[in-house]
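Please read the structure below before turning to the comments.
The values are calculated or read from the model by the stated rules, or taken from the named source; none is laboratory data. Keep in mind that this is a model prediction, so the values were computed, not measured. No Cβ is skipped: glycine too gets one built from the backbone with ideal geometry, and neighbour counts run over all protein chains shown. Protein only, heavy atoms only, side chains kept; ligands, DNA and RNA dropped before computing areas. Shrake-Rupley method; radii C 1.70, N 1.55, O 1.52, S 1.80 Å.
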Amino acid sequence: LSHAELNLLAALGPGAFETISGEVVNIALVVCSNSVPHKLSIVTGLDVSKAKKPLEKAERLIAQTPLTLPQSSMSANPNSAISLLPTKQYDLLAKYARCYQGCGLADIRRFRLLFWELVGPDPRWEWHQSSPTGIAPYSGCHFIALWDRGVGELANREDARIQGKQAWGKEGIAVAWLGDLPSSLYGGWWFDNSAAVIVPYNPQHRDAIWCYVSSDEYESDVRRINSKNQVANATLVKVPFDVDRWTEHAAEKYPRGLPEPYSDDPTQWLFHGHPRYAEAGTELHIALARLAGYRWPAETDATMRLSAAAHARIAEAATLPDADADGVLPLVPTPDDRALADRLRAYLAAAWGAAWMPGSEAALVESACARANDKPPKQATLDAWLRSHAARQHAKLFHDRPFLWWISDGRADGFTAVVHYHRLTRAMLERLTYTVLGSNWINRLGNDPRAEAGRVLQAKLALILEGECPYDIFVRWKPLHAQPIGWDPDLDDGVRLNIRPFIEAGVLAFAPNVKYTVDRGKDVRSAPWFPCFNGERRNDHHTTLAKKREARAKAKA
């Protein structure tokens, strides 16, 4: 800006060339003169960045009326940004708030899980907010991080970037620094480096800043000074902020203050847990999870800050029928209980109360299928849904890290049981294999052809119990002597690793999309498998029982 004259500027934006793919390629065409600019130097510009296709951009370049701006005006922009739009003349948001970058966890597969993979709350794991969606006041609240009170492995790793501590425990606004910059209210939690958090110097400005940051104007203002797909956290507050205007706007929109934490989304730890008031299409999954014994963190963490509406929903959910005794729910009736469809129907009727109508069951099945873009079963009944759609929908709803597993012999008329992973101890898997499947199903069938499919399933479950490779659990961050022997899962290792024997054995009605290849990044030299894998974070590995027992004996000695 100080050493050359900008004569012509054309902002083409992403998708400008037919031969270049990738929306992150953000192009501008510039004509400049090798002469020192003066006060009267004018920039003539065209902005066709909003056009989607190259031909459309080319046509707009010809037809659009050019803009003209004094070149000297651009030097006054934040970061001296070259922009075709004049910057508003207000104090920058940086005068009222600071923006912090989030944590880089070094080994994200090791130290971050989805909250439903564990039984919470657990003081070793911190609530970890990620990229907001911009759909609800609170979003991005589905991760937890293994901080271990600041004395664990993560706190001592040289390759970890624990950032944003200044924002922890404070209220602010979380912003995803990619795309259209969606935002969420922030309640003082950990947050990762896919988001930045804006914390006001004066808490009284939070309402006004939220109204501005969550508006369309905010993205437009940021893009004036940075059109890159990825925006640095410092840039997010280098935008003009009319504090009087947005304070007035906040007073009108939120006369009682900003919303307190609340969510109807079951993938958020703020979710109240009541199926009747959940997002459309998730009600059946929530009722089934509750019947299996799962409870959401908002129901069990007495320290969690929640809205009055959330507390009311939680109190109502607490009056619903008790969960199943062991978390193993066969679809077929057994000597111990009714068929799962009948039990789920009774649970839903209790949850809906007087609102439960003859057509409610079919409506919920159709709603669950609509959310998942599935064609409903011919008969929209709970039994048909549990056998045909539920396993896949549950896995996709919970990000391919399901906490309910459909263990099945593969026959449409055969044995299937929905199992709560958190409660699937070795003793419980033995009971499922030899009592629920063996005594209550196979032995009762006699010569029925379904009995043979049941015996095949039983044999596969026995292999998982034994744990010989390839039906073992391999955890790449644990040394050989600490690897589990047989079915002995550690919930801290996550669903991805613990579900592997069941995927290998082919006993799941739907296998989630899990890849056992190489995780992103390189291990530190102290990692247990560093010499074997040359630093690669490999998961495609199996170990024999003999080697595990030998390693344990050596470690014990």
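For the stretch 516-557, what does the alpha-carbon gyration tensor say about shape, rounded, prolate or oblate, given a ≥ b ≥ c as the root eigenvalues, a/c under 1.5 as rounded, and a/b over b/c as prolate? It is oblate, given that a/c is not under 1.5 and a/b is not larger than b/c.
Add +1 for every Lys or Arg and -1 for every Asp or Glu among the other residues with Cβ under 13 Å from the Cβ of Ala325, and state the total. Before the final figure, lay out the partial values.
Working: positive: Arg343, Arg423, Arg431; negative: Asp322, Asp324, Asp326, Asp336, Asp337.
Net of charged neighbours comes to -2.
You can think of it this way: the chain between Asp374 and Ser33 has 116.9 nm of extra reach, that is 0.36 nm per residue less the Cα-Cα gap. The residue list Trp352, Ala341, Ala370 was ranked by how far each Cα lies along the charge dipole of the stretch 295-371 toward its positive end, using unit charges on Cβ atoms, and Ala370 comes out on top. In terms of its C-alpha gyration tensor, the stretch 337-449 has a prolate overall shape, because the principal axis ratio a/c (a ≥ b ≥ c, square roots of the eigenvalues) is not below 1.5 and a/b outweighs b/c.
Ranked highest first by the average count of other Cβ atoms within 10 Å around their residues, in what order do 328-340, 187-199 fall? Mind dumping the intermediate values first?
Numbers: 328-340: 17.8, 187-199: 22.7.
The most tightly packed comes first, giving 187-199, 328-340.
Checked against a 24 Å cut-off, the cross-linked pairs Lys478/Lys515; Lys478/Lys556; Lys95/Lys170; Lys396/Lys478; Lys460/Lys554 give Cα-Cα distances beyond that limit for Lys396/Lys478; Lys460/Lys554.
For the stretch 152-200, what class follows from the C-alpha gyration tensor (a ≥ b ≥ c being the square roots of its eigenvalues): rounded when a/c is under 1.5, otherwise prolate if a/b is larger than b/c, else oblate?
Details: a/c = 3.12, a/b = 1.57, b/c = 1.99.
Judged from the Cα gyration tensor, the stretch 152-200 comes out oblate (a/c at least 1.5, b/c at or above a/b).
May I ask for the angle, rounded to the nearest 10°, between helix 243-253 and the longest principal axis of the chain, with both axes built from Cα atoms and the value confined to 0 to 90°? Relative to the chain, helix 243-253 is tipped by roughly 40 degrees.
Between Leu491 and Ser80, take the C-beta separation as r, use R0 = 41 Å, and let me know the FRET efficiency to the nearest 0.05. Please report the intermediate quantities before stating the final value.
On the way: r = 52 Å, r/R0 = 1.26.
Result of the calculation: an efficiency of 0.20.
Per-residue Karplus couplings for the stretch 427-432, computed as 6.51 cos²θ - 1.76 cosθ + 1.60 with θ equal to phi - 60°, are listed in order as 4, 6, 5, 5, 5, 4 Hz, Gly and Pro entered as x. For the stretch 317-328, putting each phi into the Karplus relation 6.51 cos²θ - 1.76 cosθ + 1.60 with θ = phi - 60° gives couplings of 4, 5, 8, 6, x, 5, 6, 4, 5, 10, x, 10 Hz, in residue order, rounded to whole numbers and with x for Gly and Pro. Summing +1 for each Lys or Arg and -1 for each Asp or Glu among the other residues whose beta-carbon sits under 13 angstrom from that of Arg387 gives 0. Counted by Cβ distance under 14 Å from Asp409, the other residues give a net charge of +2, where Lys and Arg count +1 and Asp and Glu count -1. Under 5 Å between amide hydrogens, built in the peptide plane, is the criterion, and for Cys103 it picks out Gln163, Phe191, Asp192, Asn193 among residues at least 5 positions away or on other chains.
Just to confirm my numbers, what's the Cα centroid distance between the stretch 188-206 and the stretch 409-436 in Å? The stretch 188-206 and the stretch 409-436 have Cα centres separated by 45 Å. Compute the relative contact order of the chain as a whole-number percentage, counting only Cα pairs closer than 8 Å that sit 6 or more residues apart in sequence. The normalised contact order for the chain reaches 10 percent. With Cα atoms defining each centre, the stretch 514-557 and the stretch 224-297 are spaced 39 Å apart in the structure. Helix 545-556 axis versus longest C-alpha principal axis of the chain: approximately 80°, rounded to the nearest ten. The share of accessible area on the chain that comes from carbon and sulfur is 52 percent, using a 1.4 angstrom probe. Rounded to the nearest whole Hz, the Karplus-based 3J(HN,Hα) values (6.51 cos²θ - 1.76 cosθ + 1.60, θ = phi - 60°) of the stretch 45-56 follow the sequence x, 10, 10, 10, 5, 6, 5, 8, 10, x, 5, 5, with x at glycine and proline.
If packing is taken as the average number of other Cβ atoms within 10 Å across a peptide's residues, how do 60-71, 132-143, 454-465 rank, most packed first?
Numbers: 60-71: 13.2, 132-143: 20.7, 454-465: 18.7.
The densest-packed peptide leads the list: 132-143, 454-465, 60-71.
Can you work out the FRET efficiency for the pair Ser2 and Leu258, with r the C-beta to C-beta distance and R0 = 35 Å, to the nearest 0.05?
Numbers: r = 43 Å, r/R0 = 1.24.
With a Förster radius of 35 Å, E is 0.20.
The residues of the chain expose, per residue, 47 Å² of accessible area to a 1.4 Å probe. Rounded to the nearest 500, the 222 nm mean residue ellipticity of the chain from helices alone is -8000 deg cm²/dmol, with -39,500 (n - 2.57) taken per DSSP H run of at least 4 residues.
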